[in-house]
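Input: a single structure, listed below in C-alpha cells.
The values are calculated or read from the model by the stated rules, or taken from the named source; none is laboratory data. This is a predicted model, so every value here is computed, not measured. Please note: Cβ atoms are built from the backbone with ideal geometry, for glycine as well, and neighbour counts cover all protein chains shown.
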Amino acid sequence: MPIHDAYARITPIELSFPGPEAGAERFGSIAREAEARDVDESDPTAFVLLMEVGRAMRELRIPEAEGGTAEHGALLYHLYHSWKSGHPLYTVDTGLVRLLAESVDWTPGRPTPPSPGAYVQLPQHLVWARPDGEAVPESVDGFFWTLSGDRISFLVAMGVRPDRPGFTVSALDPMPLDGAPEWVGSRIREDGRDFASTLPGADLERLYEIRTAGEVLKLGGRLLLHLESAGEAERTAVAGGEGDASSEPGGPRRSELPYTRVRLPE
C-alpha cells in the first residue's frame, strides 16, 4: 500500500476554522438565518447573500487561499453542506483512481450521491492541476460535491501543505445530474489522453493532471457511480485519527474525522 493511501490526511474542512465548535456555531447561525428568511440554502447564489455567510467568510482561517471572494463563497457553500450532511469523508486508493482515470469502457449512468454533501480525498501527490491554467502545478488534495435539487456542483482543493497556512480552491458551476452519462463516458481532451500530465517524471510515476472542468466532472461522476455500486469489500469505515500507523512517521498530519476508505476489491 502506498504511504499516501494509509490514512486520511487533515482536510480543508478542518483547516478552514480554528476548531469544530467554531465551524458548528457559524454554520448553525447560517441555518437559522436561512430558515427565518425562507432562503433556499442549496442555491449557491442565494446562499452567499445571507448575512451570516458574510460573517463566516470574514472568519475563515484561510485568507491566504488563492482566489477572490467568489472562491471563498463557494468554499463556504461546500463546507456548510458538508457539515449539514455530517461531514462525510471518503479516501480513494491509488488503484481505484487509476481505474477511474484510465478506463475507456466505462458504462455511462446517472449517479445517486450517497449524501447531499461530502469531501473526497485523493492519494497525496497523485493528481495535479494548474489553478489558472498557466501557474505552477499544485497537488490536488481532493474535491467536495454538493447537491442542489437535480444539480451537483464540485469544488477542487489543491496545495494543502504543512508549509502554507491556506490552500487553493477551484469551483465548478452546478451541473444537471442528468448530464452525468455524457461526462463519465466522453473523451474530454481533443489533443491527447484525458488526465495525462506533462509534469517532470509524470510517466515514470504515472501521475495525472486535471486541466479542464470536464475532467473534474468525469472523475467525480465516475467515483459517484462506483460508490453506488461498491460492495462491502470495497468500503471500510475508519474512526477519526486512525489508519496504518507504520506509514505515519514523516507523513502528513492525520485527519480527526471518521472516514470511509474506498478501494478496488482484492
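Considering region 102-138, the residues that are modelled with pLDDT under 95 and among the small types (Gly, Ala, Ser) include one that is nearest to the chain's Cα centre (by Cα), namely Ala129. When region 144-198 is limited to residues that are over 16 Å from the mean Cα position of the chain (by Cα) and of a type in the set (S, T, N, Q), the one that is modelled with the lowest pLDDT turns out to be Thr198.
The rows are residues; the columns are (1) in contact (Cβ under 8 Å) with a residue 40 or more places away in the chain; (2) within 17 Å of Tyr119 (Cβ to Cβ); (3) of a type in the set (A, V, I, L, M, F, W, C).
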residue	(1), (2), (3)
Phe154	yes, yes, yes
Val160	yes, yes, yes
Gly166	yes, yes, no
Ala171	yes, yes, yes
Pro176	no, no, no
Gly179	no, no, no
Trp183	no, no, yes
Arg193	no, no, no
Ala196	no, no, yes
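Checked against the criterion of being modelled with pLDDT of 95 or more and part of a strand (DSSP E or B), region 66-89 has at least one qualifying residue.
For region 12-36, filtered to residues that are within 15 Å of Tyr80 (Cβ to Cβ) and assigned to a loop (DSSP other than H, G, I, E, B), the residue that is farthest from the chain's Cα centre (by Cα) is Phe17.
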